[in-house]
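Below is one structure, written out as structure tokens; the observations come after it.
Where a number appears in this text, it was derived from the coordinates with a stated rule and is not lab data. As the structure is a computational prediction, the values presented were derived from the model and not from experiment. Neighbour counts run over all protein chains shown; Cβ positions are idealised from the backbone, glycine included.
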Amino acid sequence: MIANNLTPFEPTHPGELIKDELEVLNMTQAKLAEKIEVKPSLLNEVIKGKRAVNTELALLIEAAINIPADMLLKLQADYNMQVTKADDSFMKRLARIRNIASVL
């Protein structure tokens with residue numbers, strides 16, 4: 001198997017990167033939320049992996065703590081893809097559609 005085709009056991013949500021960077025900067029979630037003018041609860045949900053990072057939030061975080069917005073958005077897209085591929089019922093549905101499409 002090629003190393004680039006490996007997927008982590010548990011997908012990494014971009015909130016984990018934000019959390020780690022806040023620790024390095026010795027900054028609280030509340031301080032970052034204040035700095036980027038969002039509700040602390042919104043930022044907390046992102047950091048806990050309960051909410052997705054969108055383009056606007058990624059740009060705000062980039063401006064405040066220098067994590068590139070495109071990196072956060074790519075992490076979010078990768079996370080979404082891994083979570084979706086781990087959903088057995090969705091993958092069965094996808095396989096059915098691929099089978100139907102292959103005979104057309």
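GNM on the chain, alpha-carbon springs under 10 angstrom: the most fluctuating residue among Leu25, Leu94, Leu57 is Leu94. Restricting the trypsin sites (Lys or Arg not before Pro) of the range 6-77 to loop positions (DSSP other than H, G, I, E, B) with no more than 14 neighbouring Cβ atoms within 10 Å leaves Lys48, Lys50. At q = 0.20 Å⁻¹ the log10 of I(q)/I(0) for the chain amounts to -0.99, computed by Debye summation with a single uniform scatterer per C-alpha, solvent ignored. List the GluC sites (Glu not before Pro) in the chain that DSSP assigns to loop (not H, G, I, E or B) and whose Cβ has at most 16 other Cβ atoms within 10 Å. Which are they? Answer by residue number: Glu37. Spin-label model, Gln82/Ile65: points 7 Å from Cα along the beta carbon direction are separated by 1.9 nm. Of Lys19/Lys50; Lys19/Lys39; Lys31/Lys85; Lys35/Lys85; Lys19/Lys92, which sit over 24 Å apart, Cα to Cα? Too far apart for the 24 Å limit: Lys31/Lys85; Lys35/Lys85; Lys19/Lys92.
Can you check what the net charge comes to around Leu94, using other residues whose Cβ is under 15 Å from the Cβ of Leu94 (Lys, Arg +1; Asp, Glu -1)? Local charge sum for Leu94: +3.
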